[in-house]
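Rule-based calculations on the coordinates, nothing more; no lab input. As the structure is a computational prediction, the values presented were derived from the model and not from experiment. Positions of Cβ are backbone-derived with ideal geometry, glycine not excepted, and every protein chain shown enters the neighbour counts.
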Amino acid sequence: MGSQLIAIAVLAVAAQTANAGYFGAASYQSCCPQDAEAVCCPHTHTVMKTRRRAVWEQQQSTCMKTVRETVYEDRTVNCVRNETETRYRDCSYTVCKPVRETKFRTCNYTVCKPVWETKQKTMCYTVCKPVWETKQKTMCYNVCKPVWETKQKTICYSVCKPVWETKQKTTCYTVCKPVWETKQKTICYNVCKPVWETKQKTICYNVCKPIQETRTREVCETVRTRVPYTETIQVNCGRWENQVTECPGPVVRKCVQEPGCWQWDPCCCRCIYVPGASKIVEVQCPPRKTCKRVWIPEVKTRTVQRVRCESNVVRRQVPYTVCRYVSEPRTKVCTYKVCRMVTEPRTKVCTYKVCRMVPEQRTKVCTYKVCHMVREQRTKVCTYKVCRIVNEQRTKVCTYKVCRMVPEQRTKVCTYKVCRMVKECRTKQVPYTTCRYETQVCNRKVPYTVCKPVHYTKTIKVPRCVTRQVPVTVNRCVRRVVCEQVPVTVNCCPRSGGLLGRLFGGLGNGGCGCGSSCGGNCGGSNTGCSGCADAGCTGCAG
């Protein structure tokens, strides 16, 4: 046992001068500086350490998904519908038809006859006569003359030239192929059959019978008697004469335009004529003569033989017939048919096809071109003209006329007529209508409705659910372990003596193995390098 301890002590002493070895059991004394006043083990180095890290990656996978679809199939079904048909039967009825008679009676009335009288009236009016005066006016105007100058300017611009590049790309796509399957299905349906029944019905109705009655009434009639008499009247007569009338001419508004001038237009680079201002002047036209025929009335006295009517009222009894209707109830029996539908179940077998799509993966190579633009700088010289306008003063004399209206008083005699109404008594025959009723038998068509079944065929849509597989792309996360090299900083001087120093409390140069620089602060304790850290050995503190 003693020999073993001696051997271990010898190995510990020899390990103090080793550089690096024995799996960290020895100390690295050669790393420490020889200067006693230097800091203990300040040097470090970097070592690559292997570290495992979990990485989640997304992967795409294709799976099949079941999809349900509703498919509609055409099916022919026999149906029955009821259609109404209108028929007619003859029916007799009695009608009282009115017969109207027109009669006349004498009636007196008064009429007003117009009597015209001619009168004259003197009227004063004013006429405006135009008086023209000639005047002159001096006008100043400007004329613009263009002066052209030629200049040049250098313009820089960029031109983009296209450069084409051909590339290829592989594209994957899925093609669905249809697979058809034939299936059969039994369908139950109902058919309606008509069943007819005969029934009777009693109908009550009323018939109007006419009853004739004779009655009398008192009628007042007017009898007119003609009585002759003599009357003296004033008769209006006259003659036509031609009269010449002079009417002044109308005053007309006329537009007069002043003289224009020439002006320079810088936009068009030329002289443009600018018309003068327009104004409205009132001008009277020359008078005109009018020839017209004038009626000169005359009154004459004449004796006229006239006849007047004298009316006398006469009363008499007149018979007339009155028709009234008496209602009489009657009954009749009508026979009709009723249709009732009876349902009968039936079955049939329908054959149909189902299409199922099978996906198939394919690839294709697509060739495409990529264009990128390359800029190129260019310059060009542009020549342009600049127009400068120079003003020039000019004058001109314009002659114009001014119209002045002078009023003049005139008189004229106007002839007019006055109408007065004269009453006159006249007679006339006034018609009136008398109504009596006559019985007449008529026939008419009475409609009634009959229901009959009609068989027809119609196509209906029958829904059916079909399932099919559809490819679906799913993204999922997969865990993968990645090994990577990580840099780690390591101090160059480990704890003193390594394992042996810890076992034996430090041998050789103190407990730290840092030489005499620690100053013996570590001592022989097994507390590691805490004493060195207190003494300023920051490299040992780790």
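Let a ≥ b ≥ c be the square roots of the eigenvalues of the Cα gyration tensor of the range 79-471; is it rounded (a/c under 1.5), or, if not, prolate (a/b larger than b/c) or oblate? Note, shape of the range 79-471 comes out oblate. Restricting attention to the range 74-152, lysine pairs at least eight places apart or on different chains and with alpha-carbon atoms under 29 angstrom apart total 4.
A simple count of charges around CYS483, restricted to other residues whose Cβ falls under 9 Å of its Cβ and scoring Lys, Arg +1 and Asp, Glu -1, yields +2. Taking other residues whose beta carbon is less than 13 angstrom from the beta carbon of VAL381, and scoring Lys, Arg as +1 and Asp, Glu as -1, yields +4. Restricting the calculation to alpha carbons of the range 294-450 gives Rg and Dmax of 57.3, 133 angstrom.
Summing Cβ point charges (Lys, Arg +1; Asp, Glu -1) relative to the Cα centre of the range 79-471 gives a dipole of roughly 1160 debye.
Charge tally for GLU408 (other residues, Cβ to Cβ under 15 Å; Lys, Arg +1; Asp, Glu -1): +3.
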